[in-house]
Structures are given as structure tokens and as C-alpha cells.
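Here's the structure we're looking at; comments come further down.
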Amino acid sequence: MIWLWIGGALALLIGVPLVIGACTEREHSATVARSYAASPDAVWSVISDFGRMAEWRAGVSKVEELDPVDGQRRIREHTKFGPMTFALQREDRPHVMVLGIVDEGQGFGGTWTYELSEADGGTQLRITEDGFVDNLFFRFMAKYVFGYERTMRAYHDSLSAKLGG
């Protein structure tokens, strides 16, 4: 009898997130903005210097500049979750930068759009993630456990520390 209870509990723990994940949209869009007491050029200089990103961005141990493909710069970030490769899809200094995940077969992907604008003598940096998650369980986790904004908030926290508040 106890095995039925254990089996039922496991089925609920696995089944409920899968059903909710199946009812959750595959694609998502999330935005997090923050203001900095630095000029757009100063903020741009930090966020576009990929080779030095590991010096200030929490969770990133190394960033490699790769050979361009089809005229697009590529970088590979290394984190505790493994490497991830991005292509610089658009660069309009110091206003807009778009990085897109180029690795396939991970079950997720998308772009990060960085928009810088002058605000109150400093800069507002608006980051928008337009992404997708294929795996139903991870789709549930991304939306209801971690939240789509988590990585962008951590990015802003690291950038705030780098720029001095």
C-alpha cells in the first residue's frame, strides 16, 4: 500500500509540472530595465567588451571570442551550466545590441536585446529576452520556479557593482 502512495506522489510531482508546462506558451518575452549613473558610452563600453565580461559578471567564468560566421561576431560564455555560444546579430553603438543563442539542441534559445537610452543624466539599460523553451518540465520551471527575469536581474546586479552602484 505504501508503494502506491509513493508512486502516486511521484506521478503528481512529475505529472503536474508536465501538464502545466504543456499549457504554458513555448515562446516568452521578458524585460528588465535599470538606470545607471554613467553615460551610454560608458555603459556600452562595459557590456560590449566581451573579453572582460568574466571579470565582473557573476556566474560567468570565461568568455571566448570566436571566429565570425556570416559576418557576425561570436562569443562563447562559460558558466557552471556549461558553454553557450552567441552571435552578435545587431550592433548600433551605443544604443542597441542584440545577442542570439546559436547553439542548437539544448531545448531553449532566443535573443537578448540591450537598449540604452539617456535618462536623468545617466543611462537606462533595458534588456529584453525573447526566447523559447521546448522541454515541458523546463518550461514549467522557467516560468513558475525561476522566472524569466532571473538572469537579467543578475546581469543588472553585476553591472551595477561594476559601475559603482
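The values are calculated or read from the model by the stated rules, or taken from the named source; none is laboratory data. Model, not experiment: these values are computed from the prediction. Ideal geometry is used to build each Cβ from the backbone, glycine not excepted, and the neighbour counts take in all protein chains shown.
Residue count for segment 19-60 under the criterion of being hydrophobic (A, V, I, L, M, F, W, C), surrounded by 13 or more Cβ atoms within 10 Å (Cβ to Cβ), in contact (Cβ under 8 Å) with a residue 40 or more places away in the chain and under 24 Å from ILE75 (Cα atoms): the result is 9.
Report yes if some residue within segment 30-41 is modelled with pLDDT of 80 or more, touching a Pro at 6+ places or on another chain (Cβ under 6 Å) and not hydroxyl-bearing (Ser, Thr, Tyr); otherwise report no. Explain how you work it out, then say what you get.
Within segment 30-41, the first condition is being modelled with pLDDT of 80 or more, and the residues that meet it are 30-41.
Filter again for touching a Pro at 6+ places or on another chain (Cβ under 6 Å), leaving 40-41.
If we keep only those that are not hydroxyl-bearing (Ser, Thr, Tyr) as well, we get 40-41.
Yes: segment 30-41 contains one or more residues that are modelled with pLDDT of 80 or more, touching a Pro at 6+ places or on another chain (Cβ under 6 Å) and not hydroxyl-bearing (Ser, Thr, Tyr).
Restricting the search to segment 46-95, which residues are of a type in the set (D, E, K, R) and either part of a strand (DSSP E or B) or touching a strand residue (DSSP E or B) at 6+ places or on another chain (Cβ under 7 Å) (or both)?
Looking only at segment 46-95, we keep the residues that are of a type in the set (D, E, K, R), and these are 49, 52, 55, 57, 62, 64-65, 67, 70, 73-74, 76-77, 80, 90-93.
Result: LYS62, GLU64, GLU65, ASP67, ARG73, ARG74, ARG76, GLU77, ARG90, GLU91, ASP92.
Just one residue in the set ARG126, ARG153 is closer than 15 Å to VAL43 by Cα and modelled with pLDDT of 95 or more; that residue is ARG126. Filtering segment 129-147 to residues that are in contact (Cβ under 8 Å) with a residue 24 or more places away in the chain and either of a type in the set (Asp, Glu) or part of a helix (DSSP H, G or I) (or both) leaves GLU129, ASP130, ASP134, LEU136, PHE137, PHE138, ARG139, PHE140, MET141, ALA142, LYS143, TYR144. Any idea how many residues of segment 73-92 are crowded, with 16+ Cβ neighbours inside 10 Å, among the charged types (D, E, K, R) and either in contact with a Lys or Arg (Cβ under 7 Å, 6 or more places away or on another chain) or without any contact (Cβ under 8 Å) to a residue 24 or more places away in the chain (or both)? Looking only at that region, the number is 2. Among the residues of segment 148-165, those identified as under 18 Å from SER29 (Cβ atoms) and touching a residue at least 60 places away in the same chain (Cβ under 8 Å) are TYR148, GLU149, MET152, ARG153, TYR155, HIS156.
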